[in-house]
Each structure stands twice: as C-alpha cells, then as structure tokens.
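This report concerns only the one structure given below.
The values are calculated or read from the model by the stated rules, or taken from the named source; none is laboratory data. None of the values given here were measured: they were computed from a predicted structure. Cβ atoms come from the backbone with ideal geometry, glycine included; neighbour counts cover every protein chain shown.
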C-alpha cells in the first residue's frame, strides 16, 4: 500500500508539472560601443537590475565594447530584432529631424538641455525613431564635446585649419568641422585610439567622459574646453519587438529604461568635472577660451543651421524656440 501511495503521489506531481510548465525566460540583448566603466554600460546594468527585479520573464544580457559590431551595425541589428536595445546617437539611421538638438552651440548648459529634452520638444523629436524601426525610451547624455589634438592648442577657429580631425559619420559634426576649416576624417569609434596613436589623424572631438573612458589622454596632448556641441543619444529598442510585447511588459521595460537613463545622465553631468580633472592629471593641457574666443566659433556656425533647415530636418522657428527655452 505504501508503494502504491508513493507511485500515486509521484504520478500526481508529474501531472501538475505538466499542467503548469516553467515560465520561459526571454533574453533581452543590449549592445553599446563603450567600455564597462562608461555611463552607457552602467545605464544598461541599472536597466538589467530593474527589469530582473520586477519580473522573472526576462533576463538582460549586455554586450559592451562593440562586441556585436560597430554602432551603425548594432542599430541595424536592433531594427531587425537580432538584438533588442541600444544606446545610440546615430541619427542618420534614426531620423534626420533629431539632428535639431545636436546643432553647435544650441544649448547653454545642462539645465537648458533638461528643459528641452524632458519636454514636448524632446518627445516630438524622439517620435521620429518610430518611422525608422526603433522605439525611443528616453534621451541620454554624454556631455558637451571638446576638441583634442597633438599639434597645438586650439584657441580660435584658425587653429583648426589644416588639422586632420576624426569625426563620427554624422552630418552635424561634419558640417561644423567644415565651417571651422578642419579636415574631417570619419573613423569608427572602436578604431579611434589607434588612429590617434599612430598619427592617422591629428585630433578628435568628444566629451570628457569618452576621453577618459577610452584613455585618449594617453595619445592626445592638447584639449580646448569649447563645449561646442551637445550630442544627446536615445535608449532605443526594436520597434517590432516592442509592438509584440504585452502592455504590462512594456510598462516594466519603459519604467526601467526611464530610471536607467536618469542614472546615466546623473553620472555624465555630475562627474564631468572629475573626468576633466582626470585628463589634466594624466598630462593633457586644457585651454579655456575666453568669451570673445568662444564667440569666434559661434559666429561661424549659421551655415550649419542653414544646411539642416534647407534639408527639411529642422526649422528656424524650432531652433529659436530651443535656444530661448
């Protein structure tokens, strides 16, 4: 009788397991092009912790350092659903209208950035990603961008003339470099350090966090604190994948991304001075242009604005609204 009872109990347990199978765990793959110390990686770590804290249905896996390919390649992978999320500013793949908030000198400071991107203008521009196979879940910051090079301190636009400056293949930066008289050379971010080290290019432009994260201070002597351009990016997921999620899962992922992006922006803004001081400590000479010297750069960028207005990516009224917000 005891053996019979044991057989019945085991049979009942097996039938209950069959009726209630284990919940399948779905993998959310996230990629970025930076090191594991960069705010983008820490943002994805926060996202992972929050999603996995809230639900057992998803496991988040992060691929840093361009492990899955270049940033442009990863954007296309997200569109195809091969991976699920990326933090990127590759606007040529996201919607040219987003370039409006990346125009040179359009923002005064971080408070100005917050007012614009956290409001209706930010929401309006981010919505254009939907037309390009992506779903935006929040604006993230990487900081105001500076010039570095190995030839001379950059005190005026004239000092940029003739310099081979590496840039990403983004029209706003290419147009700005052209306005300043520099020779822009497009090189993949993952190849930038070696290009600087071997002299393929003289210099580059990036925010302090990227300069520190990629140890560019080892291969660049001069830096000019011009704050010439702010390049916000977007935390994006695959639109097709997003549309296929249950609404309760979207709510979890949306809120986790919102908090994670806020954490990214906190790091970028409040550690900016620390990143700058790290560059100085490692031997970079940082030049601080005075008001008139900086204005000389500002005076040259109207053709960049005109280019994007003519291209239909922006309007003069929208630009003025952002500038005066």
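Quick one: how many residues across the range 175-221 are part of a loop (DSSP other than H, G, I, E, B) and either within 20 Å of the chain's Cα centre (by Cα) or over 22 Å from residue 302 (Cα atoms) (or both)?
Residues meeting the conditions: 12.
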Can you give me the number of residues within the range 84-94 that are at pLDDT 95 or above and either assigned to a helix (DSSP H, G or I) or surrounded by fewer than 23 Cβ atoms within 10 Å (Cβ to Cβ) (or both)?
1
Residue count, the range 103-133, condition in a helix (DSSP H, G or I) and over 18 Å from the mean Cα position of the chain (by Cα), comes to 7
Counting only residues that are under 24 Å from residue 68 (Cα atoms) and either surrounded by 14 or more Cβ atoms within 10 Å (Cβ to Cβ) or touching a strand residue (DSSP E or B) at 6+ places or on another chain (Cβ under 8 Å) (or both), how many does the range 187-200 have?
8
For the range 30-62, give me the residue count where each residue is touching a residue at least 24 places away in the same chain (Cβ under 8 Å) and either out of contact with any strand residue (DSSP E or B) (no Cβ under 9 Å at 6 or more places or on another chain) or crowded, with 18+ Cβ neighbours inside 10 Å (or both).
23
In the set 158, 126, 184, the lone residue that is in the same structural domain as residue 67 (by TED's automatic domain parsing), modelled with pLDDT of 95 or more and either out of contact with any helix residue (DSSP H, G or I) (no Cβ under 6 Å at 6 or more places or on another chain) or surrounded by fewer than 22 Cβ atoms within 10 Å (Cβ to Cβ) (or both) is 126
